[in-house]
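The values are calculated or read from the model by the stated rules, or taken from the named source; none is laboratory data. Computed from a predicted model, the values in this text were never measured in an experiment. Backbone-built Cβ (ideal geometry, glycine too); neighbour counts: all protein chains shown.
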Amino acid sequence: EDLITYAEYKQFPIIPCNLCGSQENLQRQNIKAMLVDWDAKTPGRVESIFKSIQNVSPSQLADRGLFDFINLPIDREAQKAEYEFAEATV
């Protein structure tokens with residue numbers, strides 16, 4: 001929705017492309033249907049997912065080229081912090 005609004009604001013030309021929908025075994029339509037279904041069943045879910053993938057630190061990517069896991073100092077003797085909801089019951 002935001003892309004459509006932005007494209008209209010910037011007056012980008014619409015370039016027709018038959019390639020995307022004409023290839024076999026593409027998941028584009030399945031993913032689109034899944035996102036539409038999620039948005040209908042749980043409004044805000046799709047936005048939440050896409051916002052969360054914009055806020056990732058290099059250590060969360062498990063890429064040794066982006067984060068030095070080898071030299072990461074770990075104090076195994078330190079007392080572990082209590083989780084905020086450790087005592088919660090479900």
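Restricting attention to segment 13-54, the residues being at pLDDT below 85 and surrounded by 10 or more Cβ atoms within 10 Å (Cβ to Cβ) number 3. Listed by first and then second residue, the pairs with beta-carbon distance under 7 Å, at least 6 apart or on different chains, first residue in segment 45-63 and without any contact (Cβ under 8 Å) to a residue 24 or more places away in the chain, second outside any helix (DSSP H, G or I), are PRO58/LEU66; PRO58/PHE67; SER59/PHE67.
Output the residues belonging to segment 55-90 that are exposed (fewer than 10 other Cβ atoms within 10 Å of the Cβ) and acidic (Asp, Glu). ASP75, GLU77, GLU82, GLU84, GLU87, listed by residue number.
Working only within segment 34-90, note down all residues that are hydrophobic (A, V, I, L, M, F, W, C), out of contact with any Lys or Arg (no Cβ under 6 Å at 6 or more places or on another chain) and assigned to a helix (DSSP H, G or I). Within segment 34-90, MET34, LEU35, VAL36, ALA40, VAL46, ILE49, PHE50, LEU61 qualify.
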